[in-house]
Protein chains: 2
Amino acid sequence: MRILLTIAELRAARAELLQRDATATLGLVPTMGALHEGHLSLIRAAKKRCRFVAVSIFVNPLQFGPSEDFSRYPRTFDEDCTLLLQEGVDLVFAPAAEEMVPANATTFIEVGGIGDRLDGRSRPGHFRGVTTIVGKLFHVIAPHAAFFGQKDAAQVAVLRAMVRDLNFDLELVVCPTVRESDGLALSSRNRYLSAEERTQALALFRALRSVASLSAEEKDAKVLQEHLRSCLEIAEGLRVDYAEVVHPRTLEAITTTNGGALVAAAVWVGKTRLIDNILLPLGNTP
Amino acid sequence: MRILLTIAELRAARAELLQRDATATLGLVPTMGALHEGHLSLIRAAKKRCRFVAVSIFVNPLQFGPSEDFSRYPRTFDEDCTLLLQEGVDLVFAPAAEEMVPANATTFIEVGGIGDRLDGRSRPGHFRGVTTIVGKLFHVIAPHAAFFGQKDAAQVAVLRAMVRDLNFDLELVVCPTVRESDGLALSSRNRYLSAEERTQALALFRALRSVASLSAEEKDAKVLQEHLRSCLEIAEGLRVDYAEVVHPRTLEAITTTNGGALVAAAVWVGKTRLIDNILLPLGNTP
């Protein structure tokens, strides 16, 4: 496993790796480090699909708002590298902030519409930061496939739109959310939770499951959305950032879930903002 | 020479071309058609530098404002292809508008700062249209080098910034402006000019040359800029869109031309907007 800190080093290492075999493919798993089983599931999916696997570790300053947790975001580089070595990763790209975001850079990639919904509405500029840096990573690493978790449903929708609209020549692979045995979706931010908050956080997935149960009978998206909000706010007493039942690709409001739906919520547990979601399949009209 | 109308066809043709020789390079000359000697000089530069050459012909709707000349922009596809065949071009990419700008696309590449100066100030949204489509062409054609004319000085500055900021893995090559024997910079829009306007249009280069002469003695950018404007407006009676002496890379105002300068102007000749520019070299302080 090679660890590369600069763009030039990464490009040289990539070229060396792939020149051995002209038909070899490279998979990329972009991360912000603080790796957990969710990341490892992406790496395993990449290893199944591609001959070589690159993982980027970069806490992207552009995707954090001024009052968000950029400075205290967990950084666990040594532990991350130990895990990546165990998984058989080929390249680790861990650039410094100045390498990826030089002071004079003024170019952004922005997905309009989708990028302003769900997390994009709650966190202005967030997805512009994500798409700009992911676009740069695609140019630097030139992967044949890139792997993202369904846990970040809005991010997945935004990146799908970016790849399609700008004709990036790669496959975007979305892998299922990985959960603890009690249902909590894995997230690097779970480290912020106290024991008590950890218990409260379970309410998020409980509410999503309740919507899924109800959706077997109820196909009205607005009714389901109201049910989701009331589960979170009234039954569970959580502060809701958003709670929506929307189209999984466009993140737009829908009237019925018969065509499939994304049920997504962001809530505050203490000072920690957590997100989770489930996909409702194409419904059988009763 | 192969003419490809869709992204899928272009990608297949590119792969076929380059698989013959793994070390071969591909040069791209992006155009809006209506080809003239300026375009041909770019193609010849590309042929010198790269094993294969691709030319795109696409009148990009995103870079025209609502009251601009998109619908009447000259389209001379058959003549263009005859010229490209003579030049020994390998691939011609001539997509339909829907192929490059599908109705549901909402993603843009935008260069802040530089993109809002000179033509970017006069033509809001123009460079966002240019960068988005050029970025897409880079992803579709994956050239090793791309060739642009210095005639479009602001475009060159914007694209340099885009390539640098987003780490596109290609070389951007800028070729000198090609002029008629009387000095008029070649432009597809020269076709719009009547005989009388064609004579008036010479005033643009005359004014630029006058600034160049003066700049041998005078290094104050503001004085030179005022001289340029007064040449165009008062001496030549042209309606000026912009007339500036700026930094050639950032397009920002400068105080002295000792570090080199871009002298650029856009003027209206009848209903036709023409642009031209000259570069002042690093000056010897007198």
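All of the numbers you see were taken from the coordinates with simple rules; none came from a lab. A quick note: this is a predicted structure, and the numbers were derived from the prediction, not measured. Here the Cβ positions follow ideal geometry from the backbone for every residue, glycine too, while neighbour counts run over all protein chains shown.
Would you calculate the separation in nanometres between label points at B:Ala212 and B:Asp78, each defined as 7 Å from the Cα along the Cα-to-beta-carbon direction?
My value for the distance between the label points is 3.9 nm.
So what's the net charge close to A:Ala203: Lys and Arg +1, Asp and Glu -1, counting the other residues with Cβ under 15 Å from its Cβ?
Values: positive: A:Arg179, A:Arg198, A:Arg206, A:Arg209, A:Arg229, A:Arg239, A:Arg273; negative: A:Glu180, A:Asp182, A:Glu196, A:Glu197, A:Glu233, A:Glu236, A:Asp241, A:Asp276.
Net of charged neighbours comes to -1.
Once the label point is set 7 Å along the Cα-to-beta-carbon vector, what list of distances in nm do you get between A:Arg2 and its counterparts in the other copies?
3.2
Gaussian network model of chain A, Cα springs within a sub-10 Å range: biggest mean-square fluctuation belongs to which of A:Ala185, A:Ala195, A:Ala154?
The residue that fluctuates most here is A:Ala195.
Suppose we keep just the alpha-carbon trace of the stretch B:146-228; what are its Rg and Dmax in angstrom?
Rg and Dmax of the stretch B:146-228, Cα atoms, are 16.1, 46 Å.
Compute the long axis of helix B:153-165 from its Cα atoms, compare it with the longest principal axis of the Cα atoms of chain B, and write down the angle in degrees, 0 to 90, nearest 10.
With both axes taken from Cα atoms, the answer is about 50 degrees.
With just the Cα atoms of the stretch A:70-199, tell me how far they stretch along each of the three principal axes, in Å, largest first.
Sorted largest first, the three principal extents are 42, 35, 31 Å.
Just grab the label-to-label distance for B:Leu85 and B:Met1, each label 7 Å out from Cα along the Cβ direction, in nm (one decimal).
According to this spin-label approximation, the distance is 0.7 nm.
Between the stretch A:238-286 and the stretch B:98-164, what is the separation of their alpha carbon centroids in Å?
Computed from Cα coordinates, the inter-centre distance equals 36 Å.
Please give the direction-averaged projected area of the C-alpha convex hull for the stretch B:6-140, in square nanometres with one decimal.
Convex hull of Cα atoms, orientation-averaged projection: 9.2 nm².
Could you give the angle, 0 to 90 degrees to the nearest 10, between helix B:37-49's Cα long axis and the longest principal axis of the Cα atoms of chain B?
Computed tilt is about 60 degrees.
If exposed trypsin sites (Lys or Arg not before Pro) are those in a DSSP loop with at most 15 other Cβ within 10 Å, what is the longest stretch of chain B that has none?
B:76-248
Assuming R0 = 25 Å, can you tell me the calculated FRET efficiency for the pair A:Val223 and A:Arg121, based on Cβ-Cβ distance, to the nearest 0.05? Present the calculation step by step, with values, prior to reporting the outcome.
On the way: r = 22 Å, r/R0 = 0.88.
For A:Val223 and A:Arg121, the calculated efficiency is 0.70.
What pairs in B:Lys151/B:Lys222; B:Lys48/B:Lys136; A:Lys47/A:Lys219; A:Lys47/A:Lys151 have C-alpha atoms more than 30 Å from each other?
A:Lys47/A:Lys219
If I model a spin label at A:Leu202 and A:Ser230 as a point 7 Å from the Cα along the Cα→Cβ vector, what separation in nanometres do I get?
Label-label distance for A:Leu202 and A:Ser230, simple model: 2.4 nm.
Under the convention of a label 7 Å out along Cα→Cβ, give the distances in nm from B:Glu37 to the same position in every other copy, shortest first.
7.2
Taking only Cα atoms, what is the 0 to 90° angle, nearest 10, from helix A:77-86's long axis to the longest principal axis of chain A?
Taking Cα atoms only, the helix is inclined about 80 degrees.
Given the options A:Thr107, A:Thr82, A:Thr255, which has the most mean-square fluctuation in a GNM of chain A, springs set between C-alpha atoms less than 10 angstrom apart?
With Cα springs under 10 Å in chain A, the top fluctuation among A:Thr107, A:Thr82, A:Thr255 is at A:Thr107.
When chain B is modelled as a GNM with alpha-carbon springs shorter than 10 Å, which of B:Ile57, B:Ile254, B:Ile234 fluctuates the most?
Evaluated over chain B, the most mobile residue of the options is B:Ile234.
Between the stretch A:1-68 and the stretch A:205-228, how many Å separate their Cα centres?
Comparing the Cα centres of the stretch A:1-68 and the stretch A:205-228, I get a distance of 37 Å.
Can you sort B:Glu196, A:Glu99, A:Glu217, A:Glu110 by how many other beta carbons sit within 10 Å, fewest first?
Starting with the residue having the fewest Cβ neighbours, the order is A:Glu217, B:Glu196, A:Glu99, A:Glu110.
Roughly how crowded by other chains is peptide B:130-139, in terms of the mean Cβ count from those chains within 10 Å of each of its Cβ atoms?
Working: counts 0, 2, 4, 1, 0, 8, 4, 1, 3, 9.
The shielding value for this peptide is 3.
What list of ³J(HN,Hα) values in whole Hz, one per residue of the stretch B:26-33 in order, does the Karplus curve 6.51 cos²θ - 1.76 cosθ + 1.60 (θ = phi - 60°) give from phi, with Gly and Pro shown as x?
10, x, 10, 10, x, 9, 9, x
When the chain is fully extended, how far beyond the present Cα-Cα distance does A:Ser181 get from A:Asp21, taking 0.36 nm per residue of separation?
Fully extending the segment from A:Ser181 to A:Asp21 adds 53.5 nm.
Pop out the ³J(HN,Hα) list for the stretch A:230-238 in order, Karplus 6.51 cos²θ - 1.76 cosθ + 1.60 with θ = phi - 60°, rounded to Hz; leave Gly and Pro as x.
Along the stretch A:230-238, the couplings run 6, 4, 5, 7, 8, 5, 9, x, 8 Hz.
Report the gain in length on full extension from A:Ser67 to A:Trp268: 0.36 nm times residue separation, minus Cα-Cα distance, nm rounded to one decimal.
Using 0.36 nm per residue and subtracting the Cα-Cα distance, I get 70.9 nm.
So the label point sits 7 Å from Cα along the Cα-to-Cβ vector; using that for A:Leu202, what distances do you get to the other copies, in nanometres, sorted shortest first?
Here the equivalent label points are 8.8 nm apart from this one.
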